[in-house]
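Report on the following structure.
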Amino acid sequence: MEDIMIYDAEKRNVTMAITGESLISRQMKVFTEKQFLALKDVITSADVSFTNAEMLFHNYEDAPSTVPGGTYMRCDPQYIEDLKWMGFDIVATANNHAWDFGENGVLTNIQNLDKYGLPYAGTGVNLASASAPTYLDTNAGRVALISATTSGPPGGRAGDQRRDVRGRPGPNYIRWTTEWNVDEEMIKGLKLVADKLGWSETMKNRAAKGAEFEDNSDKLSPPSDDLVYFLDHASYQDESYTKFVKGSSIQKRTYINESDLKRNLERVSDAKRMSDWVLFTVHNHEGGATENEPSDHIKVLAHAVIDAGADMFIGHGPHQDRGIEIYKGKPIFYSLGDFILQNDTVELMPHDNMIRQNLSWEGTPADFYDARDGSAYTADKIANRGQTIEPIRWESAVATVQFEKGEMIKLELLPIDLGYGKERSQRGRPVLASGQVAKQVLERFQSLSEPFGTKITIDGDKGIINL
């Protein structure tokens, strides 16, 4: 006897609206521009809408961490309602700013997201909760989100719970290492430095113990004439290194930590059996051969999570767009850029961050942003360095992805304009782009996606990928 559908979710039809970074620090509800409200309609009309919440929602209850930050992220918790008003149903919290206010800041942010009823994934009271999927029920089916970061202070990552010791609050951090291929002359010079500084002996001892990381996840090879390690002692909790291997040319490769990869794939598999749709999102700054390309370890991660059952891979972090790949019929966004960029209207900044800009005790937040961006006294009010000078930070797209019967049939890119060159008090809020800005965004996506064999058709102010 043929099964009879009784639930809409059985149709396996869903439309998702996907964005990159939301660095929100101000209200959204009060604005009424036609192109802004049209963008809101795109987000609210989707069955599920996602953004990376790259602000900590708090009222400065907690002390800032010692991690050097360009901006110590903060948004008034009441503006969580503005994200919901814009249509966002679910957010990622694993990013390089998750630790800006230490362990307590992680917990305060979580408490406020819970208070205002916005589902999140990526941070938690320990590693298990930070790695866990969060679930969202929609009429189109149950949606799972798993959120991770490869950027940020490694020592600030969430820690495992033991039977006798509490876990450490933090983000779901995925570790990785860099390997450089260098020529014979360079390897000799690097080995001399490593030997003189004692790094070769340190890594020899670590290799003898059989562990690369403290969890015995990956095995080290001992240093040799053809293999040199440089150590980074910046973090006592997670001493990292760079690996140099003798080769015929200079080339960089990055490798994902197998233990962290395994943990996340287990959560994807779990979510696949508990939901109708699985989204995996990662915050990553690191690029490949150029900043426009994804790194090796991110490409490995993207393919692996889809192989494990994810329906979509969403990258964000470098504050710029990267290419789109269609892998086994599933979309991989190697990076969607900024959706909201209001990190220069955060109201307060710690004193040690002020000092980094050579500001005295009397320095104000506006002084800080002027000094950091170099925008003071410029005739056209456009900063001469920092994010404010680069248009790619202020142009991106919202992606709408349509599935029918469980298969992706269409992906649309709707360019957005965040007000490059406007006054600090105005810029950073997205509207649907048109004209030259829309053209630039779509042509950039075309160029960045071409190496992955992805064809994007431009139709007016819209980019289309049809399957």
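The values are calculated or read from the model by the stated rules, or taken from the named source; none is laboratory data. From a predicted model like this one, the values you see are computed outputs, not experimental measurements. Cβ atoms come from the backbone with ideal geometry, glycine included; neighbour counts cover every protein chain shown. Accessible surface is based on the protein model in full, side chains and every heavy atom, while ligands, DNA and RNA are left aside. Shrake-Rupley method; radii C 1.70, N 1.55, O 1.52, S 1.80 Å.
With a sphere of radius 11 Å drawn around the Cβ of Trp180, what net charge do the other residues whose Cβ falls strictly inside it have (Lys, Arg +1; Asp, Glu -1)?
Numbers: positive: Lys243, Lys246, Lys252, Arg253; negative: Glu179, Asp183.
Every neighbour counted, the sum reads +2.
Using a simple spin-label model with points 7 Å from Cα along the Cα→Cβ vector, what separation in nm is obtained for Thr32 and Gln251?
6.0
Just tell me which aspartates and glutamates come within less than 13 Å, Cα to Cα, of Lys328; anything on the same chain fewer than 8 places away is out.
The qualifying aspartates and glutamates are Asp307, Asp311, Glu407.
Would you mind computing, in nm to one decimal, how far apart the modelled labels at Glu407 and Leu197 are, each placed 7 Å from Cα along Cα→Cβ?
Distance between the two pseudo-spin positions: 5.4 nm.
Running Debye on the chain with equal point scatterers at the Cα sites and no solvent, what base-10 log of I(q)/I(0) appears at q = 0.11, 0.13 Å⁻¹?
Result of the Debye calculation: -0.93, -1.27.
Within the chain, which is the longest segment that contains none of the chymotrypsin sites (Phe, Trp or Tyr not before Pro) sitting in a DSSP loop with at most 13 other Cβ atoms within 10 Å?
Answer - 32-235.
I want the antiparallel fraction of DSSP beta bridges within the chain, as a percent rounded to 5.
Roughly 60 percent of the DSSP beta bridges within the chain come out antiparallel.
So what is the relative contact order for the chain, in percent, with contacts set as C-alpha pairs under 8 Å and at least six apart? Could you put the intermediate results ahead of the total?
On the way: 1089 pairs, mean separation 72.4, N = 467.
16 percent.
Going Cα to Cα from Lys246, which aspartates and glutamates come in below 18 Å? Please leave out same-chain ones fewer than 8 positions away.
Glu179, Asp183, Glu184, Glu185, Asp195, Asp225, Asp226
Kindly sort Arg162, Arg142 by accessible area of their heavy atoms, largest first, with the probe set to 1.4 Å.
Accessible-area ranking of Arg162, Arg142, largest first: Arg162, Arg142.
Put +1 on the Cβ of each Lys and Arg and -1 on the Cβ of each Asp and Glu in segment 49-187; which of Val91, Gly117, Phe57 then has its Cα farthest toward the positive end of the dipole?
Gly117
Quote to one decimal, in nm, the extra length available between Asp114 and Ser360 on full extension: 0.36 nm per residue of separation minus the C-alpha distance between them. Present the calculation step by step, with values, prior to reporting the outcome.
Details: separation 246, 0.36 × 246 = 88.56 nm, distance 3.77 nm.
84.8 nm is the gain from fully extending Asp114 to Ser360.
Which trypsin sites (Lys or Arg not before Pro) does segment 417-467 hold that lie in a coil by DSSP with at most 16 other beta carbons within 10 Å?
Sparse-neighbourhood loop trypsin sites (Lys or Arg not before Pro): Lys422, Lys455.
Longest span of the chain, sites excluded, free of GluC sites (Glu not before Pro) in DSSP loop with at most 11 other C-beta atoms within 10 Å?
62-213
Protein chains only, probe 1.4 Å: how do Arg372, Arg163 rank by accessible area, largest first?
In descending accessible area the options line up as Arg163, Arg372.
As a test question: what accessible area, to the nearest 10 Å², does Met186 have when a 1.4 Å probe is rolled over all protein chains in place?
80
Rounded to the nearest 10 Å², what accessible area does Thr66 show when all protein chains are kept and the probe is 1.4 Å?
120
Greater than 19 Å separation of Cα atoms is the criterion. Which listed pairs, Lys272/Lys299; Lys191/Lys299; Lys84/Lys115; Lys204/Lys262; Lys34/Lys455; Lys84/Lys272, meet it?
From the list (Lys272/Lys299; Lys191/Lys299; Lys84/Lys115; Lys204/Lys262; Lys34/Lys455; Lys84/Lys272), the Cα-Cα distance tops 19 Å for Lys272/Lys299; Lys191/Lys299; Lys204/Lys262; Lys34/Lys455; Lys84/Lys272.
Ratio of segment 12-104's C-alpha Rg to 2.2 N^0.38 Å, to two decimals?
1.20
What is the local net charge at Leu341, summed over the other residues whose Cβ is closer than 10 Å to its Cβ (Lys, Arg +1; Asp, Glu -1)?
Local charge sum for Leu341: -1.
Leaving ligands, DNA and RNA out of it, rank Ser295, Ser269 by accessible area with a 1.4 Å probe, largest first.
So the residues, ranked largest to smallest area, are Ser269, Ser295.
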